[in-house]
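The values are calculated or read from the model by the stated rules, or taken from the named source; none is laboratory data. Predicted, not measured: the structure shown is a model, and the values here were computed from it. Note that we place each Cβ from the backbone using ideal geometry, even for glycine, and neighbour counts take in every protein chain shown. These accessible areas exclude ligands, DNA and RNA; they are computed on the full protein's heavy atoms, side chains included. Shrake-Rupley method; radii C 1.70, N 1.55, O 1.52, S 1.80 Å.
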Amino acid sequence: MSWKPEADDLAARRAFADALGGPEAIDKHHAQGRLTVRERIAGLCDGGSFQEVGKLTGKGAYVDGKLQKVVPAPYVMGLAKIDGRPVAIGGEDFTVRGGTSWGSDRRKGGQGGFVEDLAHEYRIPLVNLIDGAGGSVASATRRGYTVFPGVHGFERSVQLMGEVPVVSAVMGTAAGGPAGRAILAHWSVMVKGTSQVFAAGPPVVERSLGQKIDKEALGGAAVAVDMAGTIDNAADDEPGAFAMIRRYLGYMPRNVWELPPVVKSDDPPDRADEGLLTIVPRERRQPYNMRKLVAMVVDRDSAFEIQPTCGRAVITSLARLDGYVVGIIANNPMVNGGAMDVKAARKQAHFIQLCDTFHIPIVFLVDVPGFMVGLAAEQAATLREGMRAVYVALQATVPMLTCVIRKCYGMAGMGTTDKNGLDFKIAWPSAEWGSLPVEGGAAAAFKREIENAPDPAARLKEIEADLRKLASPLLTAEAFAVEDVIDPRETRAVLCRFVEAMQGRLATTLGPKLRAGVPP
Amino acid sequence: MATKEVKSEITGAVWKIVKQPGDVLGEEDAIMILESMKMEIPVLAECTGRLVEIKVKENEPVAEGQVLAVVEV
């Protein structure tokens, strides 16, 4: 006697799982420009690498004890590989009851569940493919009681944030729990036009506020990515999102007990780009393209920008220097003149903690005149959010390198240095620094002298000219108050040497980062 | 043809208007330059199109979010 009948039964049950919510539901899902969860996993992961877990879960329909059909559980998950490296991956199946939660003995994923346990126990990255509307009031009629919020809580999801890389991809409309789950990630992506994310969708908004708004206007990428920074990056389509996830994970270690992967770079570490000599205009009021500057310094085509469309006064990119992963934080003089506003501060703080958690050294390319000023900035709590960015920089223990391109002023400037480490600061000849810029600062500091002068405007100009003579970075270098001033073309070579040299130190300080205290 | 409003991202003053109504714009073209935070801050078209209207004058103070120009895309 063989077990062939049981093996056939298993195959039949698996076929029900593969059929998802049935052809009609799948057609409807495809018609909205969306892939099914199985197509997503296949599109993202290495071919044939998906080892599904819990494929038999669902609701079986029996006639006289004989199985007729299984409606699969609306969550598909398991172990897979991305670029040869293992990941735990899971996502809601929207074709079954809109991907809403379903009562099982053990959860598969979404909030906690097996897939998050897998990431935790094996210390491998977690990828959430989010496409669900969260809880439904209808579940109370099934249970006979209402569920306390958090019964399937976020505690594991929060724990993972200190252990392994967590990626959220919002692939459909996410509200409630799945929307919250999307935010509990180190990096998140959504798809323009076909995905939306909000705390609550249009029907709840209309009932609560009387506000009539469609889901794209409420939580499409224009709001969630560009305006709010709720989600980090936007992709043009689902395959584009998969490519970005693969790219992002390529910079990440498997977990916080390991270093990020080093790739062999064919870009010479001593490559000196002539463009660096001319990119900063001599006229100090004129901005320049910091993204181009970053591209000239890091390994060719290695920069991957996080949150490129929100908080644009600062540029945060994962990149490589001589094959080693680094986090680049570069002020953007094209936006706010590089002044740090609330969104830029929030972005910078998150990026610093991301790099610190995964032992990714930070390179600051500094051109910051300070925090954003003015009534709107004060009303938005720029000072508080800005000091939070300073706080996390001063609390971080990952090595940082500071290269001052032009302005480095005030508290925002202070937050760009490695105060807990080597505190190694290099500067370009175009660099200038201080507690505040000469303009504005002189009028306040020499108020009485200027007022009493026969020609106050002329006296102000004289004072400013005198102060500016002292502003040469070479004078600071003579006093060893900045460690070096370099030819801009040497930037890459210097940074590559120091990043290589710090690898031994990085390897001795692995593991979770405990951050005591209360950020402002 | 749809039109798109180009808004100021920052409080400041109009320093120099670079483009005129009727001009064809590339994505990275500066329509005008604002002066704010002691810097010359270009106002970029952000999409290709044709400049229909400039809503401000040189030296005029502008508020964050104020419509500066209209572009036909």
* To do: Kindly establish whether A:F358 is open to solvent by less than 40 Å² (accessible area, probe 1.4 Å), in contact with a strand residue (DSSP E or B) (Cβ under 6 Å, 6 or more places away or on another chain) and outside the structural domain of A:I231 (by TED's automatic domain parsing).
  => no
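So that you can scan it fast, the table gives a plain yes or no per residue for (1) under 22 Å from A:G180 (Cβ atoms); (2) more than 14 Å from the chain's Cα centre (by Cα):
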| site | (1), (2) |
| --- | --- |
| A:V223 | yes, yes |
| A:D232 | yes, no |
| A:D236 | no, yes |
| A:D270 | no, yes |
* Structure fact -> When (1) surrounded by fewer than 13 Cβ atoms within 10 Å (Cβ to Cβ); (2) free of Cβ contacts under 8 Å to residues at least 60 places away in the same chain are applied to A:G220, the one that fails is (1)
* **Checklist (1) assigned to a helix (DSSP H, G or I); (2) more than 14 Å from every other protein chain (Cβ to nearest Cβ); (3) touching a Lys or Arg at 6+ places or on another chain (Cβ under 9 Å); (4) open to solvent by less than 10 Å² (accessible area, probe 1.4 Å) applied to A:E385, failing item** => (4)
* Of the residues that make up the range A:257-266, is at least one surrounded by 16 or more Cβ atoms within 10 Å (Cβ to Cβ) and closer than 22 Å to A:A349 by Cβ? -> yes
* Structure fact -> Reported set for the range A:423-463 where residues are in contact with a Gly (Cβ under 9 Å, 6 or more places away or on another chain), within 14 Å of chain B (Cβ to nearest Cβ) and not in a loop (DSSP other than H, G, I, E, B) is A:G434, A:G441
* With the checklist (1) more than 14 Å from every other protein chain (Cβ to nearest Cβ); (2) surrounded by fewer than 19 Cβ atoms within 10 Å (Cβ to Cβ) in hand, flag the one item A:E283 doesn't pass. => (1)
* To do: Can you run down the residue pairs with Cβ atoms below 9 Å, 6 or more apart or on separate chains, where the first is in the range A:395-424 and of a type in the set (G, A, S) and the partner is open to solvent by 30 Å² or more (accessible area, probe 1.4 Å) and outside any loop (DSSP other than H, G, I, E, B)?
  => A:A396/A:Q353; A:G410/A:G434; A:G413/A:W433; A:G413/A:G434; A:G415/A:M387; A:G415/A:Y391; A:G415/A:L394; A:G421/A:R505
* Asked: For the range A:239-268, which residues satisfy the criterion of being more than 20 Å from the chain's Cα centre (by Cα) and among the charged types (D, E, K, R)?
  -> A:K264, A:D266, A:D267
* Structure fact -> Condition set within 12 Å of B:S36 (Cα to Cα) and either within 14 Å of chain A (Cβ to nearest Cβ) or without any contact (Cβ under 8 Å) to a residue 12 or more places away in the chain (or both), scope the range B:56-73, selection least open to solvent (accessible area, probe 1.4 Å): answer is B:V62
* Among what's in the range A:303-349 and is polar (S, T, N, Q) and surrounded by 21 or more Cβ atoms within 10 Å (Cβ to Cβ), pick the residue that is nearest to the other protein chains (Cβ to nearest Cβ). => A:N336
